[in-house]
Amino acid sequence: GAGVSQSPSNKVTEKGKDVELRCDPISGHTALYWYRQRLGQGLEFLIYFQGNSAPDKSGLPSDRFSAERTGESVSTLTIQRTQQEDSAVYLCASSLGRGRETQYFGPGTRLLVL
Amino acid sequence: GDSVTQMEGPVTLSEEAFLTINCTYTATGYPSLFWYVQYPGEGLQLLLKATKADDKGSNKGFEATYRKETTSFHLEKGSVQVSDSAVYFCALRYSGGGADGLTFGKGTHLIIQP
């Protein structure tokens, strides 16, 4: 069906507030990834879900960041007590599964923390 | 850890010029290598990939060859068009079974002038 979708497309928040970002992967894709792209930087891997396995959280920058995924569907990335350095584009990608399969990216959520 | 280095941009060329965007990597084991492209206002799209040494990925007139001896995956196109203007990201994924996220370079902004 449709590609990876993310919402909101833009989010402006005040420092210290919590934000929740949503990702809808391509139907049938068991793997889901979150990345962060700060201005002038490459993409940073944050977290990876594969089916019902425990997620790979090795890229999360601090304990203020967390993510959940229900089964093989929607995922939410939550940032608590946001800081200005959290301002970035947050990208979600999905793929058919672990291994060499291509990752398909969503359009991203642009987060600005004032 | 794994890393990807690509040439800084912006790169400005005239239409029909020859394009090379350099990409080198450091990684343990034998990664898969990718070029992703982000057109203005759109999400990241896979442009081409190579999964083992000496493989050549190609798509839309772009090519890149996996060179293990020089740890490089340079992107080339013989004759660029205005529609190729975009940001190009080189990336790798370690295929040794650990984290499955992609490691990206910082991106190269390509501007093609008519």
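Within the group B:A91, B:A53, which residue is touching a Ser or Thr at 6+ places or on another chain (Cβ under 8 Å) and either without any contact (Cβ under 8 Å) to a residue 60 or more places away in the chain or not β-branched (V, I, T) (or both)?
It is B:A91.
Kindly indicate the residue of segment B:8-51 that is assigned to a strand (DSSP E or B) and hydroxyl-bearing (S, T, Y) and also farthest from the other protein chains (Cβ to nearest Cβ) among those meeting that condition.
Among them, the one singled out is B:S14.
Residues B:V87, B:V80: which one is within 16 Å of B:H109 (Cβ to Cβ) and at pLDDT below 95?
So the residue among B:V87, B:V80 that is within 16 Å of B:H109 (Cβ to Cβ) and at pLDDT below 95 is B:V87.
B:K106: farther than 30 Å from A:A54 by Cβ, basic (K, R), more than 13 Å from chain A (Cβ to nearest Cβ) and under 15 Å from the mean Cα position of the chain (by Cα), yes or no?
Considered against the rule, which asks whether it is farther than 30 Å from A:A54 by Cβ, basic (K, R), more than 13 Å from chain A (Cβ to nearest Cβ) and under 15 Å from the mean Cα position of the chain (by Cα), B:K106 comes out as no.
Against the condition loosely packed, with under 13 Cβ neighbours inside 10 Å, more than 14 Å from chain A (Cβ to nearest Cβ) and among the charged types (D, E, K, R), how does B:K56 come out, does it pass?
Criteria met by B:K56.
Tell me, please, whether a residue that is part of a loop (DSSP other than H, G, I, E, B), away from every other protein chain (no Cβ under 14 Å) and in contact with a Leu (Cβ under 7 Å, 6 or more places away or on another chain) can be found in segment B:75-92.
For segment B:75-92, residues part of a loop (DSSP other than H, G, I, E, B), away from every other protein chain (no Cβ under 14 Å) and in contact with a Leu (Cβ under 7 Å, 6 or more places away or on another chain): present.
May I ask you to list the residues in segment A:10-54 that are within 11 Å of chain B (Cβ to nearest Cβ) and part of a loop (DSSP other than H, G, I, E, B)?
A:R38, A:L39, A:G40, A:Q41, A:G42, A:S53
Run down A:A31, A:A67, A:A54, A:A88 and say which single residue is among the aliphatic types (A, V, I, L, M) and within 29 Å of B:P10 (Cα to Cα).
So the residue among A:A31, A:A67, A:A54, A:A88 that is among the aliphatic types (A, V, I, L, M) and within 29 Å of B:P10 (Cα to Cα) is A:A88.
Check segment B:60-68 and report whether any residue there is within 14 Å of chain A (Cβ to nearest Cβ) and within 30 Å of A:Q50 (Cβ to Cβ).
yes
Looking only at residues in segment A:60-114 that are in a loop (DSSP other than H, G, I, E, B) and of a type in the set (D, E), which one is farthest from the other protein chains (Cβ to nearest Cβ)?
The residue in question is A:D63.
Would you pick out the residues in segment B:1-50 that are surrounded by 17 or more Cβ atoms within 10 Å (Cβ to Cβ), hydroxyl-bearing (S, T, Y) and touching a Ser or Thr at 6+ places or on another chain (Cβ under 7 Å)?
Answer for segment B:1-50, where residues must be surrounded by 17 or more Cβ atoms within 10 Å (Cβ to Cβ), hydroxyl-bearing (S, T, Y) and touching a Ser or Thr at 6+ places or on another chain (Cβ under 7 Å): B:T24, B:Y25, B:S32.
Do we have A:G40 as loosely packed, with under 13 Cβ neighbours inside 10 Å and more than 16 Å from A:E20 (Cβ to Cβ) here?
yes
The values are calculated or read from the model by the stated rules, or taken from the named source; none is laboratory data. What you see is a predicted model, and the numbers here were worked out from it, not measured in a lab. Cβ: placed from backbone, ideal geometry, glycine included. Neighbour counts: every protein chain shown.
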